[in-house]
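The values are calculated or read from the model by the stated rules, or taken from the named source; none is laboratory data. Keep in mind it's a predicted model, so treat the numbers as computed, not measured. Glycine gets a Cβ as well: all are built from the backbone with ideal geometry, and neighbour counts include every protein chain shown. These accessible areas exclude ligands, DNA and RNA; they are computed on the full protein's heavy atoms, side chains included. Shrake-Rupley method; radii C 1.70, N 1.55, O 1.52, S 1.80 Å.
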Amino acid sequence: MSPSRHSIEQEAVSAYVKHFGASPQVVASAPGRVNLIGEHTDYNDGFVLPAAIDRATAVAVGARDDDRLVMNPGSAQDASFSLARLYPSEQRAWTDYLTGVASLLQGRGTPLCGANVYVYGNVPRGAGLSSSAALELATAFALIELNGLAIPPVETARLCQQAEHEFAGVKCGIMDQFISCLGRKNHAMLLDCRSLAYEHVPIPAGVELVVCDTGVKRALAGSEYNQRREECNTGVRILSSKLAGITALRDVSPAQLHDLQGLLDPVVRRRCMHVVTENDRVVRSARALREGNLSEFGKLMYDSHLSLRRDYEVSCPELDLIVDLCAESDGVYGARMTGAGFGGSAICLTKQGFAEGVIARLNAGYHGKNGEKASVYVCSIDDGATVKRVTPGA
Ligand code: GLA
């Protein structure tokens, strides 16, 4: 069992007290996520179906009377910045997510007060479970409350996405920040990434969700992620010569793409094919989930994985091995990679009581190319970000 959200917040508060010698004023926490289906669709104005998980990052903060942000003293992450000079680090550091959020909050016009900050959490880094969004959201919620600002959640999610663009160099979509902000326990979220309209879809009883981390880590920044985004934009530019008024792949149907595919070079055509068919799968998956049709849902998960592997080319042998091992196991509805890919994690949806068998099979059958071991566990679906005032001694 993963420690509760409350105990993660308590750890951040205790570490804060230990290192700063006083109680923090505010503690916020925000979860990581899995994406059930809808990969690489968010930055194409499409649909996604993520869920917040029971792994979170907590940020405890208290005001200082100078203009410094002082973070995690006495740990390997020890860092300190002047709020008057916040820039992305040259080497890309975990602190970029915090300083990025602080900088963008200030960019709205109100200077922030200096703050002591202690971050504690259990979202594994580099596992494709959005540890960065969890850190951004927990930071934003904590600093907003500490400074008495009023910013609606959707705007907070957008601000955190912007921090990731500007301070971490990843031109990510809105999915991770949005679900970390607004997830709901035992529900997935169907999000329209164009209008940001969303709907919480209950996860039917009698299923278990297994997460399997390949242990293969690949930084997203400056790499293939941004390149995929470019390839999608190229597709839109070319297709718009025949489809007047389209602004994103969201506007293109599988049939239209089929008719016009001759206009595109093979790589761009495959990228577009994935996005256009994936959007369609998300809409059908959300319907299947609502109807409790889990075998249909599972089939769409496998289709999604295949499309990501063949057309979008963001899977890797380790993720494919996990999906194959899951498909051979009893009681499995479906499995697929989750998140950006290039390593990271896969998810598997099983009937109640079958997760243990899947975990045993993955532990026995998985081996990374470079000897990586899988980290496999059952995950539950949790709420989005929260913040509270801390009562000293409570
Ligand atoms: C990363 C990004 C998201 C999304 C996924 C792929 O997690 O942060 O915005 O694009 O990859 O679906």
Hits in the stretch 217-236 - residues which are modelled with pLDDT under 90 and either away from the ligand (no atom under 15 Å from the Cβ) or not in a helix (DSSP H, G or I) (or both): Lys217, Arg218, Ala219, Leu220, Ala221, Gly222, Ser223
Across the stretch 70-85, what is the number of residues that are at pLDDT 95 or above and either open to solvent by less than 30 Å² (accessible area, probe 1.4 Å) or within 16 Å of the chain's Cα centre (by Cα) (or both)? 4
State all residues of the stretch 1-51 that are away from the ligand (no atom under 14 Å from the Cβ), modelled with pLDDT of 95 or more and part of a loop (DSSP other than H, G, I, E, B); if no residue qualifies, say none. Gly21, Ala22, Ser23, Pro24, Gln25
List every residue pair whose Cβ atoms sit under 8 Å apart, with the two residues 6 or more apart in sequence or on different chains, where the first one lies in the stretch 351-378 and is open to solvent by 30 Å² or more (accessible area, probe 1.4 Å) and the second, anywhere, is among the basic types (Lys, Arg). His367/Lys373
Does at least one position in the stretch 150-163 carry a residue that is part of a loop (DSSP other than H, G, I, E, B), of a type outside the set (Val, Ile, Thr) and without any contact (Cβ under 8 Å) to a residue 60 or more places away in the chain? yes
Complete set of residues in the stretch 133-149 that are part of a helix (DSSP H, G or I) and aliphatic (A, V, I, L, M): Ala133, Ala134, Leu135, Leu137, Ala138, Ala140, Ala142, Leu143, Ile144, Leu146
Just a yes or no: is a residue in the stretch 311-325 open to solvent by less than 20 Å² (accessible area, probe 1.4 Å), in the same structural domain as His367 (by TED's automatic domain parsing), in a helix (DSSP H, G or I) and within 16 Å of the ligand (Cβ to nearest atom)? yes
Per the filter on the stretch 210-252, residues surrounded by 14 or more Cβ atoms within 10 Å (Cβ to Cβ), of a type in the set (Ser, Thr, Tyr) and over 19 Å from Asp42 (Cβ atoms) are Thr214, Ser240
Here is a list of conditions, (1) open to solvent by 10 Å² or more (accessible area, probe 1.4 Å); (2) within 24 Å of Glu166 (Cα to Cα); (3) not acidic (Asp, Glu), and Ser14 meets all of them except one; can you say which number that is? (2)
Selection within the stretch 104-132 - of a type in the set (A, V, I, L, M) and either at pLDDT below 95 or not in a loop (DSSP other than H, G, I, E, B) (or both): Leu104, Leu105, Ala115, Val117, Val119, Ala127
Can you find a residue that is within 16 Å of the ligand (Cβ to nearest atom) and either touching a strand residue (DSSP E or B) at 6+ places or on another chain (Cβ under 6 Å) or of a type in the set (D, E, K, R) (or both) anywhere in the stretch 347-365? yes
Can you report the number of residues in the stretch 164-177 which are in contact (Cβ under 8 Å) with a residue 60 or more places away in the chain and in a helix (DSSP H, G or I)? 6
Is at least one residue of the stretch 56-69 in contact with a Gly (Cβ under 8 Å, 6 or more places away or on another chain), assigned to a strand (DSSP E or B), open to solvent by 10 Å² or more (accessible area, probe 1.4 Å) and over 26 Å from Leu129 (Cβ atoms)? yes
Could we say that Ala127 is under 13 Å from the mean Cα position of the chain (by Cα) and surrounded by fewer than 24 Cβ atoms within 10 Å (Cβ to Cβ) here? yes
Counting only residues that are open to solvent by 30 Å² or more (accessible area, probe 1.4 Å) and outside any strand (DSSP E or B), which one in the stretch 379-389 is nearest to Ala327 (Cα to Cα)? Ser380
Hey, among the residues in the stretch 147-193 that are of a type in the set (S, T, N, Q) and within 14 Å of the ligand (Cβ to nearest atom), which one's surrounded by the fewest Cβ atoms within 10 Å (Cβ to Cβ)? Gln162
Could you identify the single residue in Thr99, Thr95 that is without any contact (Cβ under 8 Å) to a residue 40 or more places away in the chain, out of contact with any His (no Cβ under 8 Å at 6 or more places or on another chain) and more than 16 Å from the ligand (Cβ to nearest atom)? Thr95
